[in-house]
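Reading through the structure tokens given below for one structure.
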Amino acid sequence: MNKEVIIIGGGVAGMQCAISLAEMGVKPTIIEKSDKLGGKLNDWYKLFPTFTSASEVLNPLKDMINELGVDVKLSSEVTKLEPKSVTLADGTTMSADAIVICSGFEVFDARLKEEYGYKIYDNVITSVDLERMFCEGSVQNLDKNSPSRIAILHCVGSRDEKVCQTHCSRVCCVAGVKQAIELKELYPKSEIFNFYMDIRMFGCGYEELYKEAQIKHNIHFVRGRISEAAQTIDSKIQIKSEDTLIGRPLKMTVDLLVLMVGMSAGKSNNSFATTDGINLNTSGFISPKNIFTECVSSDVDSIFYAGTVTAPKNIGESITEGVAAAHKVAKFIKL
Amino acid sequence: MSWGYTINRARDIDMDRNDMTISKLILEKIPSLQGCIACGACVATCSTGALTKYSLRKVHTLVRRGEYSGLLDELNKCMLCGKCQLVCPRGINTRAVISLIKRELGDHR
Ligand SMILES: Cc1cc2nc3c(=O)[nH]c(=O)nc-3n(C[C@H](O)[C@H](O)[C@H](O)COP(=O)(O)OP(=O)(O)OC[C@H]3O[C@@H](n4cnc5c(N)ncnc54)[C@H](O)[C@@H]3O)c2cc1C
Ligand code: SF4
């Protein structure tokens with residue numbers, strides 16, 4: 001069996017796709033631009049909705065990749081895509097019988113929403129910063145022994161035409177609820193306010209987590225989008241929003257403002273879309289051939305997709321698409 | 001001498017100043033109220049709400065922000081028929097909530 005299959009990106013979707021192909025007897029090659037496999041999960045601490053540590057998901061996948069002898073090319077970025085070949089940043093071209101694009105998403109750059117003061121005020125951080133702080137065991141400016149007030153703002157870089165992000169990133173609602181619970185557990189004296197426009201708990205166990213945040217942890221939910229943040233003289237953050245349920249403006253001072261950054265389209269999507277048959281949707285994610293029946297296929301016979309390269313998804317959905325894409329590839333190369 | 005001018009009070013809900021004592025007490029006594037998802041089913045079904053501006057969703061949200069002024073008069077419009085309790089998807093004992101807020105705000109005293 002000497003068919004070549006190239007997988008672009010070694011996040012959970014790419015890893016699962018490689019594993020499924022290898023289990024069917026194909027020897028795929030993963031091309032990963034960073035120096036390790038795992039994608040974004042390397043930066044997450046505990047996962048919603050179960051608080052499983054991210055390494056518990058990643059390690060078994062990595063072990064399978066090793067056991068099955070999947071070829072992995074790290075620190076290699078695909079810069080050009082053809083129906084039967086890819087070109088890397090160093091100029092090498094690799095040919096393949098089929099290609100699976102698993103290049104994932106980018107975290108939204110919160111500096112674009114200047115009104116929230118990210119990278120301007122010290123106590124405005126993003127959900128990604130917070131995951132890193134959880135990994136390190138403490139959160140900046142918060143003290144376990146004294147009460148603190150924390151605001152978590154949903155939909156930063158999602159559902160926002162001003163920054164060309166018309167889509168809902170889906171996972172940030174539940175990630176915001178998860179982080180509120182983690183903050184409350186780490187700082188039991190703190191009061192946490194989640195500012196939201198809608199709470200979208202789409203996955204299994206997510207709604208239950210939301211209710212747990214309300215009932216067990218008394219996390220406060222305020223329906224309103226923060227319009228601006230300003231730093232006070234003592235380095236706290238004053239935020240303004242409308243409490244839409246009451247129909248009046250609301251202001252409050254907090255010790256920390258956490259911005260739930262959404263999922264933006266992958267940086268490589270534009271260059272991939274120069275290939276005929278690869279099309280982008282309005283937010284820049286790659287459109288699959290058919291969102292109902294062909295969600296891992298493209299209009300090019302030899303090119304397939306898996307994971308968040310086509311839309312915001314959670315881990316389970318990304319992994320499932322890895323399996324689905326492997327199946328489609330196997331059929332295409334007439335395994 | 002009146003010149004007809006007044007100073008307008010700021011309209012904001014001042015979370016730095018509002019007294020949350022009663023609000024906290026109410027939530028402690030009926031924690032299921034924390035589970036309200038503001039769906040508005042209670043307001044939609046309310047006979048009083050059909051004829052007046054009375055909104056249980058709004059009243060209890062005001063309580064949760066420490067804004068108590070005028071709420072007792074609002075709640076006195078309620079006939080305690082309990083339809084809201086039937087429709088609440090989060091199973092909140094709305095009649096108990098109404099009675100408790102009224103009691104804590106000084107009614108029945
Ligand atoms: C703040 C936050 C918290 C989250 N927490 C959870 C959670 O708790 N539970 C959950 O189910 N989901 C969670 N998610 C969603 C989860 O991160 C995604 O579902 C998952 O990362 C998708 O995997 P992926 O393989 O599609 O993409 P990615 O993880 O983005 O991996 C893509 C890989 O492709 C590589 N790549 C990109 N371009 C190229 C190129 N041109 N050449 C070579 N390689 C390339 C990247 O370096 C990366 O390693 C969270 C998301 C966010 C934003
Ligand atoms: S998941 Fe929630 S926070 Fe994220 S974009 Fe959608 S509605 Fe906004």
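The values are calculated or read from the model by the stated rules, or taken from the named source; none is laboratory data. What you see is a predicted model, and the numbers here were worked out from it, not measured in a lab. Note that each Cβ is placed from the backbone with ideal geometry, even for glycine, and that neighbours are counted across all protein chains shown. Surface areas here come from the heavy atoms of the whole protein model, side chains and all, with no ligands, DNA or RNA. Shrake-Rupley method; radii C 1.70, N 1.55, O 1.52, S 1.80 Å.
Can you give the percent of C-alpha pairs in segment A:247-309 whose distance is more than 15 Å? When every Cα pair of segment A:247-309 is considered, 61 percent fall beyond 15 Å. Once backbone amide H atoms are built at 1.01 Å from N, A:PHE304 has A:ILE99, A:VAL100, A:ILE101 as its partners under 5 Å, excluding neighbours fewer than 5 places away on the same chain. Could you give the angle, 0 to 90 degrees to the nearest 10, between helix A:315-332's Cα long axis and the longest principal axis of the Cα atoms of chain A? For helix A:315-332, the angle is close to 10 degrees. For the pair B and A, the buried accessible area comes to roughly 2100 Å² in total, with a 1.4 Å probe and the value rounded to the nearest 100. In the protein assembly as shown, a dipole from Cβ-located charges (positive for Lys and Arg, negative for Asp and Glu) runs towards its positive end, and of B:LEU72, A:ILE278, A:VAL171 it is B:LEU72 whose Cα lies farthest in that direction.
Considering only chymotrypsin sites (Phe, Trp or Tyr not before Pro) in DSSP loops that have at most 14 other Cβ atoms within 10 Å, the longest stretch of chain A without any of them is A:52-201. Which angle from 0 to 90°, rounded to the nearest 10, does the C-alpha axis of helix B:94-104 make with the longest principal axis of chain B? Computed tilt is about 40 degrees. Against the main long axis of the alpha-carbon atoms of chain A, helix A:12-23 sits at an angle near 30°. Give me log10 I(q)/I(0) at q = 0.15 Å⁻¹ for segment A:5-97, Debye formula, one equal scatterer per alpha-carbon, no solvent. Evaluating at q = 0.15 Å⁻¹ gives log10 I(q)/I(0) of -0.59. Only one residue of B:SER23, B:SER55, B:ILE101 has its Cα farthest out toward the positive end of the dipole of segment B:18-107, where Lys and Arg carry +1 and Asp and Glu -1 on Cβ, and that residue is B:SER55. With springs only between Cα atoms under 10 Å, which of A:LYS113, A:LYS162, A:LYS236 fluctuates most in a Gaussian network model of chain A? Top of the fluctuation ranking is A:LYS162.
Solvent-free Debye calculation, one equal scatterer per alpha-carbon of the protein assembly as shown: log10 I(q)/I(0) at 0.11 Å⁻¹ equals -0.90. Qualifying chymotrypsin sites (Phe, Trp or Tyr not before Pro) in segment B:1-58, where qualification requires a DSSP coil assignment and no more than 15 other C-beta atoms within 10 Å, comprise B:TRP3, B:TYR5.
This model, with +1 at the C-beta of Lys and Arg and -1 at the C-beta of Asp and Glu, gives the protein assembly as shown a dipole about its Cα centre of some 1680 debye.
Note on segment B:18-107: with charges restricted to the Cβ of Lys and Arg (+1) and Asp and Glu (-1), its dipole about the Cα centre is near 260 debye. Over chain B, the reciprocal of the mean inverse Cα-Cα separation, the Kirkwood hydrodynamic radius, stands at 15.0 Å.
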